[in-house]
Amino acid sequence: MIEFNFVGAFLVGLMGAAHCFGMCGGLIGAFSANLPNRAGNQLANQLSFLLSYNLGRITSYTIAGSIVGGSTAALGAMFAVDDYLLYLRFFAGIMMIITGLYIAQIWFGIVYVEKIGKGLWAVIQPLTKKVLPIQHPSQAILAGMVWGWLPCGLVYSTLTWSVASGSALQGGLIMLAFGLGTLPALLTAGLAAKKLANWVQRKSVRIISGLLLIGFGLQTIYVAIYQL
């Protein structure tokens, strides 16, 4: 069950490349264009900053997953509720199916989930000004950690799997897998990015990936119902 969540989370990150380009592509582009000029290999210099940025972003995802997973574990221990995780897994299964429908471009309802985080982002966004301009990779890590809280329907959907894990460790690992899946999209640039975007936009690739996620969702729901 949990292993499917890891695979599914990585797949969501990987196949959500088009969504990543739309949500974070502009930030990455602006970030790359304003990197400091330093002596030495410019490509290596740029890569070090981009890796630092993405390390910060994925760290935020992992922290968020650990927080929500640990919170459900704590609530279960405090109130001694036996079946709460089964209901949460049922809900997570539904979110997997909704995400699969989005990846397969059958239904785009998941974008409405992004509205949930707009209030939180309004509070966090001013922090971005404190880490600009970025002159050192350590600042890039901090910038990535801030931008990791940018409202994103795919992030929120995957977070429901962390909630249902009922464990801070498992919740964090699920979001880590998701973050690693997003790396190819957000590390590539120019022609490589176009090639990746074209590949993930292929109808057959999106449908197969979407069906896999829907299958994970149905399996999650089945297990939850069977254990009730």
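Overview of results
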{"read-out": "Label point 7 Å beyond Cα of residue 87 along Cβ direction - residues of the range 136-179 with amide nitrogen under 11 Å", "value": "none"}
{"read-out": "Label point distance in nm, residue 123-residue 108, each placed 7 Å from Cα along Cα→Cβ", "value": "3.0 nm"}
{"read-out": "Burial ordering of 107, 147, 161, fewest other beta-carbon atoms within 10 Å first", "value": "107, 147, 161"}
{"read-out": "Ranked by how many other beta carbons lie within 10 Å on average, peptides 61-73, 169-181 from highest", "value": "169-181, 61-73"}
{"read-out": "Segment residue 208-residue 94, extension gain: residue separation times 0.36 nm, minus the distance between their alpha carbons", "value": "39.2 nm"}
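Any read-out appearing in this document is the output of simple, stated calculations on the displayed coordinates, not a laboratory observation. All values reported here derive from a predicted model rather than from experimental measurement. Positions of Cβ are generated from backbone atoms using ideal geometry, with glycine treated the same way; all protein chains shown enter the neighbour counts.
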